[in-house]
Amino acid sequence: MKTIGLERSRRILGNSAAGSPARRATVLGIGLWLAVLVMATGAMAGEPAPAAAPAGAIVDNFDYADAAAAQAAWRAMGGTAGAVPAEVDGQKALRMPCNFRGTKIDRASWDRPVQLDMTACRGMRFRVRCRDTSPVAGFSLYLQSGDGWYATHFAPTDREGWTTITLDKEDMGTEGRPAGWGRISTIRLSAWRGQNTDTELVIAGMTLVGQQAAIAVVRGESAARDAPREMESVVQYTRTVTTCLKELGLDYSVVSDLDLVAGRLKDTRLVILPHNPSMPDAAAETIARFLEGGGKMMAFYGMPGRLWQAVGMQSGTHVPQKFDGYFASIRFQDAALAGAPPVVGQRSWNIRGARPVEARSRVAAVWFDKDGKSTDWPAVLASDNCIYMTHVLLQDDAAHKRRMLLAMAGRLVPDLWRQAVEASVERVRRAEKETTGKVRDAEIPPRQVQPFRDTLARARAGLADAASLSKEGKYPEAIEQAEKAQRGLAEAWCLAQRSQPGEHRAFWCHSAFGPPGMTWDEAIKTLADNGFTAIVPNMCWAGTAFYESKVLPVAPEVKEKGDQIALCLAACRKYGLQCHVWKVNWNTAGRAPKEFMDRLREEGRLQVRFSGKPDDHWLCPSHPENQKLERDSMVEVATAYDVDGIHFDYIRYPDRDGCFCPGCRERFEETIGVRIANWPADVRRDAALETKWLDWRRDSITRLVAATSEAVRKARPKCRVSAAVFSNWAVDRDNVGQDWKLWCERGYVDFVCPMDYTPYNGEFESMVARQVQWAGKVPCYPGIGLSTWPSQTDIGKVIDQIYVTRRLGTRGFTIFEFNATTASEVVPLCGKGITAKE
Ligand SMILES: [Zn+2]
């Protein structure tokens, strides 16, 4: 299993039907896609007053004659005030009142009955504005399909004006079993209660996106049925490709292979197969016909047998790497693919040994190993109607990947070059305007003024070059200049920022060995040079230690690579950084040795779900031996090493379904002095009992925090105790038993780091505003979710969110996370201004 680390998934509030538990937290994650795939069958039943959605795709233009008409279309759910039509900034819009003051509603919510076919588009787009998002815990959009829903989260980011929201189908989670994208019957908009004050959401111009796009990305959803273990990869690698397309400014639709029947590709010129381990015959047939009719295809790694013939290439067998770094880069033969970078980094672990067919196709690029030697294995093949890559597209070397993908697409459909270049020049032009508009020269620290001016001037010159090269049709050269100008603007923006002395500036580091490719010494020096003050390295899990532990099983790598706390700490001392050792509590993430797990299982120390199913990844928090193990391991760190702090993570239950093991029953019954007749059903049936249960569960977690804190302070009084916590305490204290406001009140923790992993600055600000209240006197260093954002090097957003923490007076922040990419692409840019050393 993949490591899960800090809570990285975006979380949304569940769209529970009436009668079910008030607010469930749902994790929007890849796994949920496994439940999506029952696709539309049969015809649509007639429904009242559907919004017609012709091609061209206006879903709702909000042109309602009066309130009655608007409220008939957008039906307010119980207790929510009705929507009112209005003209805002010359746009037809609806005002949606979020009436939280003096009401008991969980959310303000409106349902719009529709009859939508979203099978051949990218997603949905609309515009919103909300002057004050602080009363709202989160905004959600749900699309009903059959008995289930597609669900996602959004947030207005611009307080003064409109925010355009684009929701991609592929980013939506599911609830229940939706009946497919062809059968959307309701659009539900919800604003979840965060505070007891009123606000208003204004919405306008709702359309579909990506219909009639030239590019159709075929998502291999049949894998859920035919190759379930591949489904996670299908989701991941499809997204890698669509992210590139988005960044290139190319329009596309995403079509499920289950929906790919004749007619679906009528507007398509290029089909992309990002990772399709299986494919229904009908879909392969449709693509074959499409190719016969002059269509083009770009494919990665696998494709159905008949398509190999159609594109004039020969499939091969699986080729594993001979050693780590055997497949390290893709090198294009001279002029084999116009506009492709000569070398593209990609660390693949295996490939498909596909070969060209004489007179039909040829090798365009070859795999080289990490020492720069050719492996002679083809990396990219090209024929008249297809460009094929022998592995999936990975995220490494993102800038070159993007260019390679454009060169591949542009070779097959030349007009895509023009589209991408124009989009790129336009994007840089906007960025230039924005940078110039926002920067006040007088506010730039004096020593940064000249570098700022020089960098900006170079970027402007690059933009001018890009624009003229584009006019001349020299697209590859134009895009190179545009990208250089873009980087220059970002750097100029960073140079225009002011540092604030005295801040706690930390990075979580998920790898116990530091960012790959760097020693701890190099890694810590990078942070220190750029003004950071602390690192929070993940050195232990519930059943694994990356140091010489006498309490936890020691990871085998320690023998070979050394005691990681000792190495990290030595570097921290050398460069003056604080080291707060991060433990993943309770959770083993499949990393603990088998003997250890067997023993815990035998002793009844692992969690059991409400359903009765054992949950082998989680230790039962109420078991006294587990309490002792967790406490002792953290006290050991604080005793054996001169660390600045210890840091709790996963200091909670997985959700409402844990833990219902026999031991929990016994201990709970003993605490409340009552025997429960029907375990565990009564705990949910009886409201009074449920209240006691939730209290008891919370207490199991709090007890560990209190005991550990006390023992650590006794062992090393200077050692500070902190925790990574969920963002919405008010709800999470029930959902996951995490009562961190109480920990602050009682002084068990010295600071908290709520994981506010949203790319939306407004939402981030609302979260932090609530959290500083909950934390009270205890410092709150909010978690900035850089590595969870769509763009994991978005320095502009990092700067925005740091300013939010400054406005709200937190005097510090914690960024997730310190890895090879952030170490090389983000940390140095922070050091130019926002965190510059004094
Ligand atoms: Zn238990």
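Answer with yes or no whether PRO451 is more than 30 Å from VAL363 (Cβ to Cβ), surrounded by fewer than 20 Cβ atoms within 10 Å (Cβ to Cβ) and at pLDDT 95 or above.
Answer is yes for this residue.
Is at least one residue of the stretch 668-686 aromatic (Phe, Trp, Tyr) and touching a Ser or Thr at 6+ places or on another chain (Cβ under 7 Å)?
no
Take the conditions in a strand (DSSP E or B) and within 15 Å of MET206 (Cβ to Cβ) and apply them to ALA70. Does it pass?
Taking the combined requirement at face value, the residue does not satisfy it.
Yes or no: GLU710 within 16 Å of the ligand (Cβ to nearest atom), free of Cβ contacts under 8 Å to residues at least 60 places away in the same chain, of a type in the set (Asp, Glu) and farther than 30 Å from ASP106 by Cα?
Here the answer is no, as GLU710 does not meet what is asked.
Can you tell me which residues in the stretch 575-598 are basic (Lys, Arg) and exposed (fewer than 13 other Cβ atoms within 10 Å of the Cβ)?
LYS594
Do we find a residue being touching a strand residue (DSSP E or B) at 6+ places or on another chain (Cβ under 9 Å), hydroxyl-bearing (Ser, Thr, Tyr) and in a strand (DSSP E or B) anywhere in the stretch 389-401?
No.
Taking the stretch 698-721 only, how many residues are within 32 Å of the chain's Cα centre (by Cα) and acidic (Asp, Glu)?
Within the stretch 698-721, residues that are within 32 Å of the chain's Cα centre (by Cα) and acidic (Asp, Glu) number 1.
Is it true that some residue in the stretch 271-280 is exposed (fewer than 15 other Cβ atoms within 10 Å of the Cβ), modelled with pLDDT under 95 and either acidic (Asp, Glu) or out of contact with any Ser or Thr (no Cβ under 7 Å at 6 or more places or on another chain) (or both)?
No - not one qualifying residue is present in the stretch 271-280.
Just to be sure I understand, how many residues within the stretch 81-118 are in contact with a Gly (Cβ under 6 Å, 6 or more places away or on another chain) and of a type in the set (Asp, Glu)?
Of the residues in that region, 1 qualify.
Would the stretch 740-761 turn up any residue that is crowded, with 20+ Cβ neighbours inside 10 Å, hydrophobic (A, V, I, L, M, F, W, C) and part of a loop (DSSP other than H, G, I, E, B)?
yes
Restricting to the stretch 785-838, give me the number of residues that are touching a helix residue (DSSP H, G or I) at 6+ places or on another chain (Cβ under 6 Å), part of a loop (DSSP other than H, G, I, E, B) and at pLDDT 95 or above.
The number of residues fulfilling the criteria is 6.
Residue-wise test of (1) in contact with an Asp or Glu (Cβ under 7 Å, 6 or more places away or on another chain); (2) within 22 Å of ASP739 (Cβ to Cβ); (3) surrounded by fewer than 18 Cβ atoms within 10 Å (Cβ to Cβ); (4) at pLDDT 95 or above.
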position	(1), (2), (3), (4)
LEU606	yes, no, no, yes
PHE610	yes, yes, yes, yes
ARG631	no, yes, no, yes
MET634	no, yes, no, yes
PHE648	no, yes, no, yes
ILE651	no, yes, no, yes
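Take the residues of the stretch 254-283 that are of a type in the set (D, E, K, R) and in a loop (DSSP other than H, G, I, E, B): which is farthest from CYS386 (Cα to Cα)?
Only one residue tops the list, namely ASP259.
If VAL683 satisfies every condition in (1) within 16 Å of the ligand (Cβ to nearest atom); (2) of a type in the set (A, V, I, L, M); (3) assigned to a strand (DSSP E or B) but one, which is the exception?
(3)
For the stretch 102-185, give me every one of the strands (runs of 3 or more DSSP E) that falls completely inside it and has 2 or more residues that are at pLDDT 85 or above.
Passing ranges, in order: 107-116, 123-129, 136-145, 148-154, 163-168.
From the list ALA382, ALA407, which one is closer than 25 Å to ALA478 by Cβ, touching a Ser or Thr at 6+ places or on another chain (Cβ under 8 Å) and buried (at least 19 other Cβ atoms within 10 Å of the Cβ)?
Unique residue meeting the criteria: ALA382.
Scan the stretch 454-473 and give yes if some residue there is at pLDDT 95 or above and β-branched (Val, Ile, Thr), otherwise no.
For the stretch 454-473, residues at pLDDT 95 or above and β-branched (Val, Ile, Thr): present.
I'm checking my understanding of the structure. Among residues of the stretch 605-618 that are of a type outside the set (D, E, K, R) and under 18 Å from TRP693 (Cα atoms), which one is farthest from the ligand (Cβ to nearest atom)?
Ranking the candidates gives SER611 first.
Scan the stretch 315-336 and give yes if some residue there is surrounded by fewer than 21 Cβ atoms within 10 Å (Cβ to Cβ) and touching a Leu at 6+ places or on another chain (Cβ under 7 Å), otherwise no.
No: zero hits.
Looking at ALA688, is it under 32 Å from the mean Cα position of the chain (by Cα), away from the ligand (no atom under 16 Å from the Cβ) and either in a helix (DSSP H, G or I) or modelled with pLDDT under 95 (or both)?
When the stated conditions are applied, ALA688 does not pass them.
When only residues in the stretch 666-680 that are over 18 Å from GLU625 (Cα atoms) and of a type in the set (D, E, K, R) count, which is nearest to the ligand (Cβ to nearest atom)?
This residue is GLU669.
I need a count of the residues in the stretch 349-378 that are assigned to a strand (DSSP E or B) and either over 33 Å from the mean Cα position of the chain (by Cα) or modelled with pLDDT under 95 (or both).
10
Per-residue answers, yes or no, for (1) basic (Lys, Arg); (2) within 19 Å of ARG697 (Cβ to Cβ); (3) more than 16 Å from the ligand (Cβ to nearest atom); (4) touching a Ser or Thr at 6+ places or on another chain (Cβ under 6 Å):
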{"position": "LYS594", "(1), (2), (3), (4)": "yes, no, yes, no"}
{"position": "GLU603", "(1), (2), (3), (4)": "no, no, no, no"}
{"position": "CYS620", "(1), (2), (3), (4)": "no, yes, no, no"}
{"position": "ARG631", "(1), (2), (3), (4)": "yes, yes, yes, yes"}
{"position": "GLY645", "(1), (2), (3), (4)": "no, no, yes, yes"}
{"position": "TYR653", "(1), (2), (3), (4)": "no, yes, no, no"}
{"position": "CYS664", "(1), (2), (3), (4)": "no, yes, no, yes"}
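Across the stretch 601-621, what is the number of residues that are in contact with a helix residue (DSSP H, G or I) (Cβ under 8 Å, 6 or more places away or on another chain) and under 18 Å from ARG631 (Cα atoms)?
5
Sort through ALA496, ALA485 and tell me the only one that's touching a Gly at 6+ places or on another chain (Cβ under 9 Å), within 30 Å of ALA336 (Cβ to Cβ) and surrounded by 22 or more Cβ atoms within 10 Å (Cβ to Cβ).
ALA485
Please go through the stretch 573-592 and give me each residue that is part of a strand (DSSP E or B) and away from the ligand (no atom under 15 Å from the Cβ), ordered by number.
GLN578, CYS579, HIS580, VAL581, TRP582, LYS583, VAL584
I'd like to check something: does the stretch 288-298 contain any residue that is buried (at least 19 other Cβ atoms within 10 Å of the Cβ) and free of Cβ contacts under 8 Å to residues at least 24 places away in the same chain?
No.
Which of the residues that make up the stretch 160-194 are of a type in the set (S, T, N, Q) and under 20 Å from GLN236 (Cα atoms)?
THR166, THR174
Quick one: ALA299 ticks every box in (1) assigned to a loop (DSSP other than H, G, I, E, B); (2) touching a Cys at 6+ places or on another chain (Cβ under 7 Å) except a single one, so which number is it?
(1)
The values are calculated or read from the model by the stated rules, or taken from the named source; none is laboratory data. Remember, it's a predicted structure, so these values are computed and weren't measured experimentally. All Cβ positions, glycine included, derive from the backbone under ideal geometry; neighbour counts span all protein chains shown.
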